[in-house]
Amino acid sequence: MTVKHLKVLHQHNSDVNQVIYKDGDDVIEGLTQNPKTLPAKYFYDDRGSELFEQICDLPEYYPTRTEALILKQYADEIATITGSCELVELGSGSSTKTHYLLDAYQKVTNSLTESIPDTFSYIPIDVSGGILKTTVLHLQDKYHDLSVEGLLGTYEEALLHLGKNHGRSRMIFFLGSSIGNFNQAESNDFLSKVSHALTKGDYFLLGIDLQKPKEILEAAYNDSQEVTAAFNLNMLAHLNWCFQGNFDLNLFTHQAIYNEVDRQIEMYLYTKSSHQVSLDILDLKIQLETGESILTEISRKFDLEAIQVQLRSQGLETVKIWTDPQQWFGLVLCQV
Ligand code: AVJ
């Protein structure tokens with residue numbers, strides 16, 4: 001590992017430019033179920049992260065833009081409430097929106113009057129090594145007084161690695177409504193791990209996509225330029241690469257629907273014709289029928305009341321909530 005300020009948490013990973021996760025038990029489990037599913041984390045090889053960045057700029061994909069506006073408007077207030085602290089970002093990607101927070105925390109840290117000012121530190125965590133490396137280098141260039149340590153790994157690995165913080169306060173933040181990828185049980189498990197990586201008085205800042213009309217939601221996940229389709233299909237290319245597979249991307253189509261009962265977007269890949277697929281490294285062969293679906297992602301849409309109850313059940317008390325004027329997106333600041 002030669003890259004400065006980047007720590008690789010997963011033992012099986014050997015190449016910083018590629019993604020980790022070669023285990024594949026979760027792939028076997030998902031593909032042998034009926035109906036078939038695949039874990040959303042396999043979207044994010046370097047190509048997938050790049051496609052996700054493009055999704056964020058699409059006219060139909062409102063979440064990134066809306067959350068960025070909220071952050072732009074309220075980052076100073078957030079930093080004033082929490083005061084100077086160590087900033088830990090889960091799933092940092094390109095850290096684009098993070099600049100608002102970093103600017104605000106830089107001001108708060110610089111305004112400290114003590115003779116020994118706190119260091120201003122940021123720990124981005126991501127599974128995609130390429131984007132993490134670029135981000136760390138870029139941030140070091142932009143913020144000279146910032147200490148950046150990128151962690152290449154999963155949320156679980158990173159939260160375990162961080163352990164408890166001693167002496168100084170910490171804020172973990174998880175933006176973009178990525179928590180929406182977890183079902184209820186998984187999100188409870190996740191929040192409990194977050195809670196355990198924090199000490200009493202520490203903060204957690206969570207970005208959540210709120211419920212809204214079906215048409216707006218479905219348009220956001222079935223964009224007219226078909227970038228989301230390419231993003232969805234890229235998961236198969238990533239699996240081919242990881243597990244010596246032979247998915248033929250031409251034999252699948254993308255579709256996202258809003259499930260109004262479970263209040264979640266569901267992204268599917270549908271087969272155009274019946275065929276077999278093998279993943280040699282996993283010693284797995286599967287039969288796919290014409291029109292069969294593979295669920296690749298859920299993206300839950302939240303309710304501000306319900307999320308506060310859930311956060312509280314994991315020891316996280318809401319301090320303040322900010323939204324945009326249309327109430328499309330919410331930022332929840334909570335404290336242990
Ligand atoms: C990064 C998980 C928040 O669910 O909106 C975007 C991923 N998938 N378009 C989301 C995604 C399709 C995104 N998250």
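The values are calculated or read from the model by the stated rules, or taken from the named source; none is laboratory data. Everything quoted here is computed from the prediction, not taken from an experiment. Quick reminder, even Gly has a Cβ in these numbers, built from the backbone with ideal geometry, and neighbours come from all protein chains shown. Side chains are part of the model used for accessible areas, which takes the heavy atoms of the whole protein and leaves out ligands, DNA and RNA. Shrake-Rupley method; radii C 1.70, N 1.55, O 1.52, S 1.80 Å.
The table below gives the values:
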| read-out | value |
| --- | --- |
| Contact order normalised by residue count of segment 245-334, Cα under 8 Å, 6+ apart, percent | 21 percent |
| Total charge dipole magnitude, the chain, about the Cα centre, Cβ charges on Lys, Arg, Asp, Glu only, Debye to nearest 20 | 640 debye |
| Straight-distance crosslink candidates among lysines, where the alpha carbon sits under 30 Å from Lys7 and sequence neighbours closer than 8 are dropped | Lys22, Lys41, Lys72, Lys97, Lys107, Lys133, Lys142, Lys164, Lys193, Lys200 |
| Average accessible area per residue (Å²) across segment 192-267 - probe 1.4 Å, nucleic acids and ligands excluded | 41 Å² |
| Of the DSSP H helices in the chain, those whose Cα atoms cover at least 15 Å axially and whose Kyte score averages -0.5 or more | 62-82, 129-142, 227-243 |
| Cα-projected label distance for Lys72 with Asp57, points at 7 Å along beta-carbon direction, nm | 1.6 nm |
| Point-to-point label distance, Leu137-Arg65, nm (Cα→Cβ direction, 7 Å offset) | 3.1 nm |
| Cα shape, segment 43-163, gyration tensor, a/c 1.5 rule | oblate |
| Tyr270-Asn246 FRET efficiency (beta carbon distance; Förster radius 25 Å; 0.05 resolution) | 0.85 |
| Cα-based Rg of the chain normalised by 2.2 N^0.38 Å, two decimals | 1.00 |
| Using a Förster distance of 35 Å, the FRET efficiency for Asp280-Ser192 (Cβ separation, nearest 0.05) | 0.40 |
| DSSP bridge pairs, the chain: antiparallel proportion in percent, nearest 5 | 60 percent |
| Kirkwood Rh, angstrom, segment 244-298 [1 / mean 1/r, Cα pairs] | 12.3 Å |
| Net charge contributed by nearby residues that have their C-beta within less than 15 Å of Phe302 (K/R +1, D/E -1) | -3 |
| Carbon + sulfur, % of accessible area of the chain - ligands and nucleic acids excluded, 1.4 Å | 50 percent |
| Residues of segment 38-174: accessible area per residue with a 1.4 Å probe, Å² | 41 Å² |
| Chain lengthening between His166 and Asp23 when straightened (0.36 nm per residue, less Cα-Cα) | 48.2 nm |
| Reachable aspartates and glutamates from Lys36, criterion Cα separation under 19 angstrom, eight or more residues apart if same chain | Asp23, Asp25, Asp26, Glu186, Asp248, Asp262, Glu266, Asp280, Asp283, Glu289, Glu292, Glu297 |
| Value of [θ]222 nm, deg cm²/dmol, for the chain, DSSP H segments ≥ 4, -39500 (n - 2.57) each, nearest 500 | -11500 deg cm²/dmol |
| Two-site FRET efficiency, Ile321 against Glu289, from Cβ-Cβ distance with R₀ of 30 Å, rounded to 0.05 | 0.05 |
| Rel. contact order, % - alpha carbon contacts under 8 angstrom, at least six apart, the chain | 21 percent |
| In order through segment 314-323: 3J(HN,Hα) via Karplus (6.51 cos²θ - 1.76 cosθ + 1.60), integer Hz, x for Gly, Pro | 9, x, 10, 8, 5, 9, 7, 10, 10, 9 |
| Formal net charge of residues neighbouring Ser293 (Cβ-Cβ distance under 13 Å; K, R +1; D, E -1) | -2 |
| Within-12-Å neighbourhood charge of Ile131 [Cβ basis; K, R +1; D, E -1] | -3 |
| Straight-distance crosslink candidates among lysines, where the alpha carbon sits under 18 Å from Lys301 and sequence neighbours closer than 8 are dropped | Lys212, Lys214 |
| Cut-off 19 Å, label 7 Å out along Cα→Cβ of Ala306, residues of segment 168-189 by amide N | 176-189 |
